[in-house]
Each structure stands twice: as C-alpha cells, then as structure tokens.
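I have placed the structure first, in the form of structure tokens, so that the comments after it can refer back to it.
Please treat every number below as a calculation from the coordinates, not as lab data. Remember, it's a predicted structure, so these values are computed and weren't measured experimentally. All Cβ positions, even for glycine, are placed from backbone atoms using ideal geometry, and neighbour counts span all protein chains on display.
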Ligand SMILES: Nc1ncnc2c1ncn2[C@@H]1O[C@H](COP(=O)(O)OP(=O)(O)O)[C@@H](O)[C@H]1O
Ligand SMILES: [Mg+2]
C-alpha cells in the first residue's frame, strides 16, 4: 500500500459493516458480510462488524461510526427502513436510498414501475390476502404456467411455480405465509442472466445455467452444479441491449450506487426483467464479484469502490 492509498483508506474513518439481521436471508448476509469486512480490514480500513439484530442502532452514534456498509439482505436491511433511519441519523451508507430500496424490494411495485418505464417484463397478476381470486382464470390469462412470488422476499424464498389451478392455489397460499401481497407472473422459458451495476456502469453480463427447474435457493447457495458464464455468450447487440435495460430498470426504481438486475431472455431473444437487487450477495463467489472480476476489478477493489460512493 502506498501513501496515497493509505490516505484514502483513513478518509473513510470508522466504518460499520452491517450484516446478519433477522430476515429470512440472515445466513446469506452473514457470509457476505464477513467477506466484505475481511476485504475492508485487509486494506487497512477501520471496519467493524455491526449486527442490527444484536445491537441497537443508536450504538452507531455512541461508537462514533462515520459511515455504514450495508450487507443486509431482505426485510429490515434492504427494504428502505434501515436506509431511512441512517439518513435521519445523517450517517452516509452504501447503496440505494430509502425510496429506491423500498421500490426494488417490492416485486409488485417494481412491476408497476417497469410498465410505466417501458421496461420489458413478463405479464402478471397481483393477488391480495383479502381479495377473492379465481386460479383457473389467472392461469388462463398468463399462458397456463406461472411463477408465484411473495411481494417482499428474496433468495427465491416462498416462491413456487404452478401449471394447474390446484397448484396455483397452494403456491399462492404458500406465498401468503410470507406476505399479504403476492405476484403471479407468467412463466418465461429461456436463458437466465444478471447484470451487475457499479457506480452507474453495467458490468459484464453473467449467464447462470442450473439443472434445477429454476434458480432456486439451493441452486443459488447450496448445490455446486450451477454453471456461470461471464461474459455471457450473447452477441454484442443483445449484450448492449440488456445492459441498457438493466441501467434503465435500476433508475426507474430509483436505485443507486451498486446492485444487480436479474433477467430471463425468452425464446424470441427478448430480455424480461425479473427484479432489481439493491444489496446483492457479496461473498467472493457471488455474482457481482464475478462480474467485477471479468472487468479486472478484484474483490477488495470492488468493496472499496462501493464504499467510496459514501464519501
Ligand atoms: N416469470 C418467471 N419465469 C420463470 N422463472 C422465473 C420467473 N420469475 C422468477 N423465476 C426464477 O426464480 C428465480 C428467483 O426469482 P427473482 O424474481 O429473481 O426473485 P429473488 O431472486 O428475489 O428470489 C429466478 O432467478 C428464476 O430462476
Ligand atoms: Mg433474483
């Protein structure tokens, strides 16, 4: 480390790396958070672990933290509530503000914004716990195969596919265990890709090839048989188009800083946006670090670059 780098590192002051939390994605956050913390400390940054499920937020002030690196996934950490609290405390933090975090986390509100912004996305129906709904009718409207998702979850939690009215009924009931609002989305058959975004720029696209029916929790974190291709083998025109749409989708939900936009490219080569992630996984083998590596940015440079956006 030269003197120049050293002075940048001290410029960050005391950094809280917030991870853990009590959402359904706690385990994923613990892994990401430890990797981020280690990478920051290795570079001489005064970074400390802070788990909001164990420590009250006011300790951030008492312990004189200067900024926060958020590595919490799901409710409470990725949905805007923490971002709102930190803004109120005048503490700079990584990633999207409260509004962007809340919109991106909410798969239903995201769909409405995508429609408004002409972002290509699959047709859908929204079902509320208090509504009457007709599964056969919904299924017929959505080409007879759907993916059912709780509005506010991540990591494929509470999601299931359905191709009969009976399956749809139980898929919706399962999703209601997580949320009062459920997104029923037309099934898209095709290639799954994701675009990582770092400080306003799209990184190389990754294609995920799973042997599972879809990229479920297991395929994401447990089984070793998902194949990752980066840069994704797509022609230049389609690559540019997908990166452009990713940036547009990111902006339309008011996300900023860093994140990731998930897609399925259908059989007509049309990219469909699934969702925007404002705090994507950050272990050394996660998707954003993979994409950064393809651009020549190593894990330590990546976390520093994310942290720099708070200066
Ligand atoms: N409409 C769809 N058609 C086919 N597969 C889907 C659809 N929506 C989601 N999936 C599959 O489910 C996975 C998770 O969906 P996503 O919307 O990205 O939610 P999250 O990653 O927050 O759980 C995707 O990566 C994809 O494999
Ligand atoms: Mg996803």
query: Most fluctuating residue of 174, 220, 42 in a GNM of the chain with Cα springs under 10 Å: which is it?
result: 42
Degrees between helix 236-252 axis and first principal axis of the chain (Cα, 0 to 90, nearest 10): 80 degrees
- prompt: Highest GNM mean-square fluctuation, the chain, Cα pairs closer than 10 Å: which of 227, 62, 137?
  reply: 62
- line: What the 10 Å binned alpha carbon P(r) of the stretch 124-186 shows, as percent of pairs per bin from 0, is 27, 61, 12
query: Taking the Cα atoms only, what angle lies between the long axis of helix 107-116 and the longest principal axis of the chain, rounded to 10 degrees?
result: 80 degrees
- prompt: Given the options 74, 224, 95, which has the most mean-square fluctuation in a GNM of the chain, springs set between C-alpha atoms less than 10 angstrom apart?
  reply: 224
- prompt: On a 0 to 90 degree scale, rounded to 10, what angle separates helix 26-42 from the longest Cα axis of the chain?
  reply: 30 degrees
- request: Could you work out, for the chain, what percent of all Cα-Cα pairs fall into each 20 Å distance bin, beginning at 0 Å and stopping at the bin that holds the largest distance?
  value: 33, 57, 10, 0
statement: So residue 237 and residue 164, fully extended at 0.36 nm per residue minus their Cα-Cα distance, gain in nm 22.5 nm
statement: Rg/Rh over Cα atoms for the stretch 176-238, Kirkwood Rh, comes to 1.04
- request: Compute the Rg/Rh shape ratio of the stretch 3-94: radius of gyration over Kirkwood radius, all on alpha-carbon atoms.
  value: 0.97
- request: Apply 1/(1 + (r/R0)^6) to the Cβ-Cβ distance of residue 247 and residue 134, taking R0 = 25 Å, and write down the FRET efficiency to the nearest 0.05.
  value: 0.05
statement: Residues 216, 131, 46 in order from fewest to most other beta-carbon atoms within 10 Å are 131, 46, 216
field: Cubic angstrom per residue, convex hull over Cα atoms of the stretch 164-293
entry: 132 Å³
- prompt: Expressed as a whole number of Å, what is the distance separating the alpha-carbon centroids of the stretch 59-90 and the stretch 140-213?
  reply: 28 Å
Full-stretch length increase - residue 213, residue 144 - with 0.36 nm per residue and alpha-carbon distance subtracted: 23.2 nm
task: Give me the distance in nm between label points sitting 7 Å out from Cα along the Cα-to-Cβ direction at residue 90 and residue 54, one decimal.
output: 3.0 nm
